[in-house]
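FYI, it's all coordinate maths here, none of it is from the lab. Given the structure is predicted, the values throughout are model-derived calculations rather than measurements. No Cβ is skipped: glycine too gets one built from the backbone with ideal geometry, and neighbour counts run over all protein chains shown.
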């Protein structure tokens with residue numbers, strides 16, 4: 001057993017004994033989840049419209065400080081609509097990190113647009129503003145309509161830097177905040193720094209609605225349009241079925257919003273738990289040569305959605321060995337997502353040099369990080 | 001008060017008094033809904049994977065006699081993926097009825113394809129095979145890849161006729177069975193007659209998952225592809241994140257599938273209730289000149305999702321008068337959806353003559369039809 005695995009086993013000894021299994025990330029329901037969901041069933045309000053959807057949206061706006069939140073069916077749908085709101089249409093191009101989950105690139109494809117991959121910074125694992133600036137300058141003749149920054153593992157990217165570059169080039173900045181609910185950049189919640197932002201409430205996120213997402217924006221007109229577009233673009237009328245553009249059926253059911261309301265009540269507690277967990281991991285791996293825990297930069301407060309371990313040097317074999325050794329004793333770890341430019345359907349997309357992405361892809365292990 | 005309204009008020013007198021309101025269609029949860037949903041929360045299995053998703057899919061296959069069911073996030077997503085499975089890609093064309101809910105046409109748009117509108121038959125309110133045949137013959141040079149038949153109000157269309165025409169022209173037949181779960185055509189459940197079919201479990205459907213849908217097919221390879229495409233096209237592996245094509249995040253959360261399992265347990269009972277309701281409506285409006293209840297054709301068994309009243313002659317003013325009069329006393333009725341060719345975004349789509357659609361649009365009122 002490698003020393004990394006040994007320390008991991010030591011770290012989780014009591015839990016693994018008690019439950020037989022330490023998942024990478026399992027949701028925790030110890031508040032009002034069952035009560036709110038039962039309320040939906042008792043009242044019959046499980047679907048399109050309902051008080052929990054409104055309340056969930058209000059809680060999201062409150063928690064993030066973004067003026068408007070529109071709840072939708074999942075994070076991919078949220079990002080697709082964000083890009084549509086930013087003017088992305090078939091034939092356009094969108095800059096995204098190659099270091100991300102496939103949903104980021106898929107949302108671009110679902111708009112009929114094409115991805116351009118740019119590298120991330122080692123210190124944030126988020127898009128690199130310097131490389132972005134150079135790329136946008138080099139390709140100013142291309143129809144690049146938006147830049148998507150993804151806050152990997154909950155660590156906010158260099159939002160000031162990226163916002164400045166995007167503003168200078170006249171390209172919309174869109175935040176993929178799927179992993180960063182509860183994360184602050186210079187004291188301000190992620191999702192406030194671009195034109196629009198997307199959230200995810202998938203089962204593996206810090207809080208969950210089963211499946212769900214949201215669109216965040218400080219622009220009232222965009223928020224109204226987001227709601228319209230995600231609810232089949234139906235025109236308000238007591239009974240007529242008129243729709244004025246091609247919309248989506250992307251509304252979040254009230255049943256899922258009810259779960260989300262209960263989860264939002266404990267978000268702050270879960271962030272605290274995850275931050276303490278990252279500290280404990282840091283202590284557990286202290287002094288071990290060649291590895292470190294990925295820690296937040298000075299200007300942010302990360303939600304530490306997943307704590308990640310970083311090797312000093314790429315070693316794919318070691319990463320897979322640790323994951324397999326840990327799995328054998330019931331501890332679930334994961335490698336980084338395969339970078340987008342290595343996937344068959346995105347292999348031909350234009351890309352910048354990606355040295356940090358290439359390196360981190362063979363250096364990172366996600367550690368168990370459930371919020372309890 | 002018009003005589004139609006008066007008979008409606010008489011019909012619903014006890015209910016309107018007891019509850020103050022008779023909705024067009026409200027879900028009914030009197031079985032295992034609360035227990036199954038609570039089970040998800042107690043076990044933590046609310047999201048992507050879970051036993052209820054598998055069970056719900058098995059129950060759908062069992063109830064419809066279709067070999068494979070793939071649960072997804074809603075009916076629009078289901079139909080979009082059905083069209084994709086039928087080979088519909090950007091630049092292609094798809095024949096759809098103009099008499100349908102906007103989701104049918106939107107699913108075509110979401111594939112990047114364009115709609116062609118064909119008329120329906122008065123006796124079924126479903127696509128007219130004779131007109132379809134003539135249209136496909138006239139436009140055999142066009143890239144028409146699929147025909148979508150929608151079983152309006154649960155009444156199956158002329159599936160033998162449509163299947164024969166589609167086979168002869170080499171165009172895929174896709175069933176939009178959003179409204180026809182529980183409906184049989186010549187003893188066989190809708191969804192069995194084309195290449196693929198879509199279901200919807202929106203809150204207003206005969207059974208609901210809050211929001212949800214499903215893809216049905218008797219082709220094992222298509223079913224496997226449907227599951228792959230709707231779950232981000234991830235390749236099976238213990239821990240690697242590899243995806244081999246642009247997929248969607250369209251899986252149905254386990255929480256919603258749990259609700260669906262409980263609802264499927266009472267589907268047969270709800271169909272019986274709705275069929276009796278249609279008979280009672282028929283009796284209630286018997287002898288009233290100029291109107292009739294829309295009844296099933298001889299070769300089908302309709303689920304009577306919504307009972308519809310048909311005027312003999314178009315009279316938009318009368319339809320809106322009855323809807324408003326009924327609404328004033330708490331009885332919720334609805335007109336037909338605005339036909340697709342009258343909506344701004346579909347007004348320029350190529351279309352056949354639509355005399356039946358034009359006529360029915362100003363002759364139909366949907367009556368309250370909740371399953372209890």
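How far apart are the residue A:355 label points across copies, placing each 7 Å from Cα toward Cβ, in nm, shortest first?
Distances between equivalent label points, in nm: 7.5.
Identify which of B:283, B:344, B:163 has the largest mean-square fluctuation in a Gaussian network model of chain B, with springs joining Cα atoms closer than 10 Å.
With Cα springs under 10 Å in chain B, the top fluctuation among B:283, B:344, B:163 is at B:344.
Need one number: % antiparallel among DSSP beta bridges in the stretch A:33-264, to the nearest 5. Present the calculation step by step, with values, prior to reporting the outcome.
Numbers: 15 of 31 bridges.
Percentage antiparallel, nearest 5: 50.
Name all residues of the stretch A:8-28 having a backbone nitrogen under 13 Å from the label point set 7 Å from the Cα of residue B:49 along its Cα→Cβ direction, giving them as ranges.
A:23-26
For the stretch A:137-290, give me the percentage of DSSP beta bridges that are antiparallel, rounded to the nearest 5 percent.
Taking every DSSP beta bridge with both residues in the stretch A:137-290, the antiparallel ones total about 50 percent.
7 Å along Cα→Cβ for the label point: how many nanometres lie between residue B:3 and each equivalent label in the other copies, listed shortest first?
9.4
Find how many whole Å separate the alpha carbon centroid of the stretch A:160-214 from the alpha carbon centroid of the stretch A:220-261.
First find each Cα centre; the distance between them is then 21 Å.
Pick from A:324, A:175, A:245 the residue whose mean-square fluctuation is largest in a GNM of chain A, springs joining Cα atoms under 10 Å.
A:245
Which stretch or stretches of the stretch A:222-261 have amide N atoms under 14 Å from the point lying 7 Å from residue A:89's Cα along the Cα→Cβ direction?
Only A:246 pass the distance filter.
Mind giving me the FRET efficiency for residue A:240 and residue A:160? R0 is 45 Å, r the Cβ-Cβ distance, nearest 0.05 is fine.
Efficiency, from the Cβ-Cβ distance: 0.40.
If you find the alpha carbon centre of the stretch B:90-128 and of the stretch A:323-352, how far apart are they in angstrom?
After rounding, the separation between the Cα centres reads 40 Å.
Starting from the Cα of residue A:268, step 7 Å along the direction of its Cβ; do the same at residue B:279; then give the gap between the two resulting points in nm.
About 6.0 nm, to one decimal.
Hey, fewest Cβ within 10 Å first, where do A:19, B:265 land in order?
Neighbour counts put them in this order, fewest first: A:19, B:265.
Give the percent of DSSP beta bridges with both residues in the protein assembly as shown that are antiparallel, rounded to the nearest 5.
60
Cα atoms only: what Rg and Dmax, in Å, come out for the stretch B:107-165?
11.8, 33
Given a Förster radius of 30 Å and the C-beta distance between residue B:317 and residue B:219 as r, what FRET efficiency does 1/(1 + (r/R0)^6) yield to the nearest 0.05?
0.05
May I ask you to derive the relative contact order of the stretch A:33-264, considering only C-alpha pairs under 8 Å and at least 6 residues apart, and to give it as an integer percent?
Details: 533 pairs, mean separation 66.7, N = 232.
Result for the stretch A:33-264 is 29 percent.
Take the Cα of residue B:138, step 7 Å along the line toward its Cβ, and report every residue of the stretch B:336-364 whose backbone nitrogen sits under 14 Å from that point.
Correct set: B:350-356.
Only Cα pairs within less than 10 Å get springs; with that Gaussian network setup on chain B, which residue of B:345, B:150, B:264 has the largest fluctuation?
B:345
What value does the stretch B:33-264 have for Rg/Rh, both radii from Cα atoms and Rh as Kirkwood defines it?
My calculation of the ratio gives 0.98.
Show that you can apply the helix-only estimate: for the protein assembly as shown, add -39,500 (n - 2.57) for every DSSP H stretch of four or more residues, divide by all residues, and state [θ] at 222 nm to the nearest 500.
After summing the helix terms and dividing by residue count, I get -11500 deg cm²/dmol.
Can you put A:280, A:116, B:55 in order, fewest other beta carbons within 10 Å first?
A:280, B:55, A:116
Determine the shape class of the protein assembly as shown: with a ≥ b ≥ c the square roots of the Cα gyration tensor eigenvalues, call it rounded for a/c under 1.5, and otherwise prolate if a/b is greater than b/c, oblate otherwise. The partial results should precede the final answer.
Details: a/c = 1.99, a/b = 1.71, b/c = 1.17.
Prolate shape, in that a/c is at least 1.5 and a/b is the bigger ratio.
Sorted from shortest, what are the nm distances separating the label point of residue A:169 from equivalent points in the other copies, each placed 7 Å from Cα along Cα to C-beta?
Label point to label point, same position, other copies: 4.6 nm.
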